[in-house]
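In what follows, a single structure is set out as structure tokens and then discussed.
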Amino acid sequence: MLLIFPGLAPPTPASMSTPVSTDLTKARLKRRPDIQLPGRECYIYDLAVVSPDMLLVSNCSKDCVQLLDCLKGKVVSEVKLQVGPYKMCLTDRNTAAVQVGYTKIQMIKVKDNTLTKGRELTMSERVYGLTSSRNSLVVAYGSSPWLEVISMDGKVLHQLGKSGKSQHYKDLAFMCTTPGGSMFISDNVTNTITKVDWQLNLLQTFTRPLLHGPCGITAVTEDQILVCSNRNHSLMLLQPSTNTMSTLLGKDDGIKEPYSLTYCPDQKKVYVTPLYNTATIKVYQVS
């Protein structure tokens, strides 16, 4: 999930104030009322902040991408798809790339609280992870697995591991991009987080005994990465500069099998969804 675009201002409308930098090592995360989507059958696979009070969610059970008003708990717009959507990322302030089925990436435009379809891309293999950096898509595939940086017109710019010789990944789960353009990848088989640059050069690998089943991952700042530790029922904070990882939230805070998450820098809120079918989004205020 991409929250802040490298080389650009934060992805918010001009009318919104500039977010204050957050230091999660000194902050408290207080639970706020859950957001309850309408309908019982709901599987939110991924989510992204598009404005302070608006979330974009991929709803697998209803085969659609929805724009959710967080204050009202109401879906204000949706786009129907042929099959269920999975991973997503923002590519600019008004556009999201959404994995549809296994090999399609659908561009979704967000304007005036309305969603519309844009261009559709067909990938060569099954997509496992998706993020964006420097106006390009970064796609993780399941076979081997391996990574590609792809321009918005479909041209392959960089690759890592396609030869099958790479031993750095087993099962890529989620990806995110930092403000500086580095990317972090969660692997829920090896229980590791890997850092690469825009050209897919391997920079660092992180693991800790408490990191068990890492899934959703998002960058709050260049040196503060939030990670869902799914099988450990916790939300963790990774600090690459010091190679440290700490637990921010756990079962006592309402975290159970966290799967995907995103962070709103303007509201200083963390949104978390669990692994299995649910219409509930957990909300935590950073203070």
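The values are calculated or read from the model by the stated rules, or taken from the named source; none is laboratory data. Every value quoted in this text rests on a predicted model; they were computed, and no experiment measured them. Glycine also receives a Cβ, built like all others from the backbone with ideal geometry; neighbour counts cover every protein chain displayed. Note: accessible area is taken over every heavy atom of the protein model, side chains too, but ligands, DNA and RNA are not part of it. Shrake-Rupley method; radii C 1.70, N 1.55, O 1.52, S 1.80 Å.
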Trypsin sites (Lys or Arg not before Pro) within region 55-157, DSSP loop, no more than 11 other Cβ atoms inside 10 Å: Lys72, Lys155
Portion, in percent, of the accessible area of the chain that falls on carbon or sulfur, probe 1.4 Å: 47
Pairs beyond 18 Å (Cα-Cα), from Lys251/Lys282; Lys74/Lys282; Lys195/Lys268; Lys26/Lys269: Lys195/Lys268
Rounded FRET efficiency, nearest 0.05, which uses the C-beta distance separating Arg231 from Arg28 and R0 of 25 Å: 0.50
Gain upon complete extension [Thr205, Gln36; 0.36 nm per residue less C-alpha separation]: 57.2 nm
Base-10 log of normalised Debye intensity for the chain (one unit scatterer per alpha-carbon) at q = 0.10, 0.14 Å⁻¹: -0.45, -0.95
Proximal charge balance of Leu115 [Cβ under 9 Å; K/R count +1, D/E count -1]: +2
Extension reserve of the Ser287-Ser246 stretch, reckoned as 0.36 nm per residue once the Cα distance is removed: 13.0 nm
Net +/- balance of residues flanking Gln82 in space, Cβ distance below 15 Å, scoring K and R +1, D and E -1: +1
GNM flexibility winner over the chain from Gln82, Gln159, Gln106 (Cα, springs under 10 Å): Gln82
Environment charge at Asp63 (Cβ cut-off 11 Å; Lys +1, Arg +1, Asp -1, Glu -1): +1
Rg in Å to one decimal, and Dmax rounded to a whole Å, for region 189-287 via C-alpha atoms: 13.3, 40
GNM flexibility winner over the chain from Tyr141, Tyr45, Tyr276 (Cα, springs under 10 Å): Tyr276
Candidates Ala27, Ala96, Ala219, ranked by Gaussian network fluctuation over the chain, Cα under 10 Å, top entry: Ala27
Under-5 Å amide H pairs with His233, H placed in peptide plane, nonlocal only: Glu257
Accessible surface, per residue, of the chain when the full set of protein chains is kept, probe 1.4 Å, Å²: 42
